[in-house]
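Readers should treat all values here as calculations from the given coordinates under stated rules, not as data from a laboratory. The shown structure was predicted, so the numbers you read here are calculated from the model rather than taken from an experiment. Here the Cβ is made from the backbone with ideal geometry for all residues, glycine too, and neighbour counts use every protein chain on show.
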Amino acid sequence: MNILVTGGAGYIGSHMARYILRRKLRPVILDNLVYGHKESLPPRIKFYRGDIADQKLVSKIIRQEKIEAVMHFSAYAYVGESVTNPRKYYENNFSKTQKLLDTLLDNNVAHFIFSSTCATYGAPDTKKISEKLPQNPINPYGFTKLAVEKMLADYSQAYGLRYAALRYFNAAGADDDGAIGEAHAPETHLIPLALQSILNPEKQLKIFGADYPTPDGTCVRDYVHVYDLAAAHLQALDYIARRKTSDCFNLGSENGYSVREIISACEKASGLKVNCQETGRRAGDPAYLVADSGKAHKILGWQTSYDLEKIIATAWQWEKHRRY
Ligand code: UFG
């Protein structure tokens, strides 16, 4: 099967491309390299540099490469920036995704896997987040992802598009052999920043808020390995294709770890101290986000295979030797 991976040079997309290859399927990558890294592409991969909204280019790729399904990773994901510069997010994450979807429909590509997010739930007042909870995002990033989910539902109803919306919790970790990993510029995520502060103690890690209503006062998140996310994408594709249906799934480990617990886990993995300091809260951070992934377990047969220790071991391996 030929699968177009948009944003395939980005963090999650590049792991997805490798995972598809391992499963003896064929990824074709489309990435504009605004945030992606050419170095993350697997050798001899078919790569197109360009824009998802370029309908001529996408049509050409679909025809030439005989694309049967699309996994759509290309999106901006800086929550803070989405508040200060929402037009960038509505344009890229929503408007361009509509152009992409229209091109797929015009070229009879009917299978679509969408990178959605737990940020579409906002700040729910509950222990574990299931798909039954209302989606009330609290920032433009979350709204753009939710808007695409709504568009997918309408397109599916009207045009027969089959899709899965996969709502990731906190994607983390890296390739087991250290070939690729997380490389955002700027980096804002906790695990890479904690590990970087170990390698370079001048880069002090700020703990954003220690007065949350959580056991140790710091925010709790559900960290899930990128290859476990990748596995869910292929399972979801198989499911929507075989059952001729569409659905949404929460993807998390169902375990919550506080910022302090992550720092301790990074110190354990490296045998070194994280240079950190408590500061005030970061705007827009919910206190507690942990998945109920029962639906993905039951319907897709999805299970995670990386626990927190393994996630951080792969991230540490990557940070120590990173190539880009
Ligand atoms: N944190 C710190 N210091 C830092 C960075 C993060 O204390 O320097 C804390 C945050 O306040 C948060 C936790 O660590 O409590 C995790 O923060 P991340 O930035 O690593 O990830 P987020 O939880 O903000 O991720 C969220 C959603 C994702 C979404 C992502 C977009 O959980 O679904 O934002 O980047 F995709």
Excluding exposed DSSP-loop trypsin sites (Lys or Arg not before Pro) (at most 15 other C-beta within 10 Å), longest clean stretch of the chain:
133-202
Just to check, using Stokes-Einstein with a Kirkwood Rh over alpha carbon pairs, what's the diffusion coefficient of segment 203-324 at 25 °C and 0.890 mPa s in µm²/s?
150 µm²/s
Taking the alpha-carbon centroid of each part, what is the distance from segment 100-117 to segment 49-91 in angstrom?
11 Å
Identify all aspartates and glutamates with a Cα-Cα distance to residue 99 below 13 Å; exclude those on the same chain that are fewer than 8 residues away in sequence.
51, 54, 91
With both bridge residues required to lie in the chain, what share of the DSSP beta bridges run antiparallel, to the nearest 5%?
5 percent
Spelling out what I want: for every residue of segment 307-324, take phi, set θ = phi - 60°, compute 6.51 cos²θ - 1.76 cosθ + 1.60 (Karplus), and round to whole Hz; glycine and proline get x.
8, 4, 4, 5, 4, 6, 4, 5, 5, 5, 4, 5, 4, 5, 10, 5, 9, 8
Sorted largest first, the C-alpha extents of segment 61-219 along its principal axes in whole angstrom are 52, 39, 30
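Evaluate 2.2 N^0.38 Å with N set to the residue count of segment 134-204, then give the Cα radius of gyration divided by it. Walk me through the numbers before you get to the answer.
Working: Rg = 17.8 Å, N = 71, 2.2 N^0.38 = 11.1 Å.
Normalised Cα radius of gyration, segment 134-204: 1.60.
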Amide proton proximity set for residue 205, modelled H, under 5 Å, gap of 5+
275, 276, 277
Sorted from largest down, give the three principal axis spans of the alpha carbons of the chain, whole angstrom values.
53, 42, 39
Which of 66/295; 145/298; 88/128; 96/145 exceed 22 Å between C-alpha atoms? The answer is 66/295; 145/298; 88/128
Scan around residue 48 for amide H atoms under 5 Å from its own, H built in the peptide plane at 1.01 Å from N, and keep only partners 5 or more places away or cross-chain.
29, 30, 31
Tell me, what HN-Hα J-couplings in whole Hz come from the Karplus equation 6.51 cos²θ - 1.76 cosθ + 1.60 at θ = phi - 60° for each residue of segment 103-118, using x for Gly and Pro?
5, 4, 4, 5, 10, 6, 9, 10, 10, 9, 10, 10, 6, 9, 8, 5
If one computes the Cα centroid of segment 256-298 and of segment 168-202, what distance in Å separates the two points?
13 Å
